[in-house]
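K.L.:
Got a structure here, written out as structure tokens. Questions coming.
All of the numbers you see were taken from the coordinates with simple rules; none came from a lab. Computed from a prediction, not measured in an experiment: that's the story for all the values here. As a convention, Cβ positions derive from the backbone with ideal geometry for all residues, glycine included, and neighbour counts pool all protein chains shown.
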Amino acid sequence: MIKLVSFKNCPFVQRVMGALVMKNVPFEIEYIELNNKPQWFLDISPNGQVPVLITENDTVLFESDAIVEYLDDKYAPIEEVSAEQKALDRAWSYQASKHYMPQCGTMGSKDKETFETRLANLQKFFQKAENKLGDSDFFKGDYISNVDIAWLPLLHRASVIKEGSGFDMLEGFPKVQKWQAALIESGLTYKTVPADFIERLN
């Protein structure tokens, strides 16, 4: 069985778990502490970061983008797409993963000015998604694709933040809000985070 190594609440790992769950690939997960990384992990992770995926052949894979692409190559893809569409899907997925840490940084801002500046940059990003989305529930239609999985950590965290504080970083983006609601309704959010996710995030 393949093994995933993670910190709890890591958005990059949530994306990988989303791909594993959608493909029905059995896996085990081991959580390590962010501030106390064990030596065995540092020995196998070239960049000292999560996620790390250890294949059934004991090959150690790192970087979430590379891991998700490996899962698509190794296991049945969620959907059959052309080379052009695959490239577009990956581009939109990369856009999402590039904003995982900026979202976390926004909510961890030390002062109002920093928060507002960071939020404005995030909102420009969400506006691009708003412009791209159609009338369907998910990014490409009525089914969950790799793009949806890549955006899952962002939209899930925005939902938890709203529930905990009342602040909605997706206000003004009704299509993105609809997309967020559909992903949460699918149940995928809670299959891809630890049981104490909300408690730890808050």
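K.L.:
Could you work out how much longer the chain between V160 and E30 gets when fully extended? Use 0.36 nm per residue separation minus the Cα distance between them, nm to one decimal. Intermediate values should be presented prior to the final figure.
P.N.:
Values: separation 130, 0.36 × 130 = 46.80 nm, distance 2.37 nm.
Here the segment from V160 to E30 would lengthen by 44.4 nm.
K.L.:
Hey, another quick one. Suppose every K and R has +1 on its Cβ and every D and E has -1 on its Cβ; what is the size of the dipole of region 33-97 about the Cα centre, in Debye to the nearest 20?
P.N.:
Rounded to the nearest 20 debye, it is 220 debye.
K.L.:
Report the net charge of residues surrounding T192, where surrounding means a beta-carbon distance below 15 angstrom and charges are Lys +1, Arg +1, Asp -1, Glu -1.
P.N.:
Within the 15 Å Cβ shell, the charges total +2.
K.L.:
Okay, next question. When the chain is fully extended, how far beyond the present Cα-Cα distance does K86 get from D65, taking 0.36 nm per residue of separation?
P.N.:
Values: separation 21, 0.36 × 21 = 7.56 nm, distance 1.33 nm.
Taking 0.36 nm per residue and subtracting the Cα distance, the gain is 6.2 nm.
K.L.:
Something else now. Once the Cβ-Cβ distance between K132 and A76 is put in as r, and R0 is 35 Å, what FRET efficiency do you end up with, to the nearest 0.05?
P.N.:
Plugging the Cβ-Cβ distance into 1/(1 + (r/R0)^6) gives 0.85.
K.L.:
I would also like to ask the following. Short version: what are the Cα gyration tensor semi-axes of region 83-193, square root of 5 times each eigenvalue, largest first, in whole Å?
P.N.:
On the way: eigenvalues 106, 50, 34 Å².
Sorted largest first and rounded, they come to 23, 16, 13 Å.
K.L.:
Suppose only helical runs count, i.e. DSSP H with n ≥ 4. What mean residue ellipticity at 222 nm does that imply for the chain under -39500 (n - 2.57) per run, divided by all residues and rounded to the nearest 500 deg cm²/dmol?
P.N.:
One gets -17500 deg cm²/dmol as the mean residue ellipticity at 222 nm.
K.L.:
Given the pairs K3/K37; K132/K178; K8/K124; K124/K191; K128/K178, which are separated by over 21 angstrom at their Cα positions? Could you put the intermediate results ahead of the total?
P.N.:
Values: K3/K37 17 Å; K132/K178 13 Å; K8/K124 28 Å; K124/K191 29 Å; K128/K178 15 Å.
Among K3/K37; K132/K178; K8/K124; K124/K191; K128/K178, the Cα-Cα distance tops 21 Å for K8/K124; K124/K191.
K.L.:
Still on this structure, please answer the following. At a 10 angstrom cut-off on C-beta neighbours, averaged per residue, how do the peptides 174-180, 14-20, 125-131 rank from highest to lowest?
P.N.:
14-20, 174-180, 125-131
K.L.:
How much of the DSSP beta bridge set in region 2-74 is antiparallel, as a percent to the nearest 5?
P.N.:
Antiparallel bridges: around 60 percent, rounded to the nearest 5.
K.L.:
OK, next. Hey, what's the per residue convex hull volume over the C-alpha atoms of region 2-74, in cubic angstrom? Kindly include the intermediate steps, with their values, before the conclusion.
P.N.:
Working: hull volume 5.9 nm³, N = 73.
Spelled out: Cα convex hull of region 2-74, divided by residues, is 81 Å³.
K.L.:
Restricting to Cα pairs below 8 Å that are 6+ residues apart, what does the relative contact order work out to for the chain? Please round to a whole percent.
P.N.:
Relative CO of the chain lands at 25 percent.
K.L.:
Which whole-number percent of Cα pairs in the chain have a distance greater than 31 Å? Walk me through the intermediate numbers first.
P.N.:
Values: 3556 of 20301 pairs.
It works out to 18 percent of all Cα pairs.
K.L.:
Points 7 angstrom from Cα along the Cβ direction at K23 and K3: gap in nanometres?
P.N.:
For the pair K23/K3, the computed spacing is 1.9 nm.
K.L.:
Work through the residues other than Q85 whose Cβ is under 13 Å from its Cβ and net out their charges, Lys, Arg +1 and Asp, Glu -1.
P.N.:
Here the charged neighbours net out to -2.
K.L.:
May I ask for the net charge around S159, where only other residues with Cβ less than 13 Å from the Cβ of S159 are counted and Lys, Arg are +1 while Asp, Glu are -1?
P.N.:
Working: positive: R157, K162, K178; negative: E163, D168, E171, E185.
Here the charged neighbours net out to -1.
K.L.:
If I take the Cα coordinates of region 33-74 and project them onto the principal axes, what are the three extents in Å, biggest first?
P.N.:
That gives 33, 20, 15 Å along the principal axes, largest extent first.
K.L.:
A further question follows. Could you pull out the trypsin sites (Lys or Arg not before Pro) across region 53-108 that fall in loop regions by DSSP (anything but H, G, I, E, B) with no more than 16 other Cβ atoms inside 10 Å?
P.N.:
Answer by residue number: K98.
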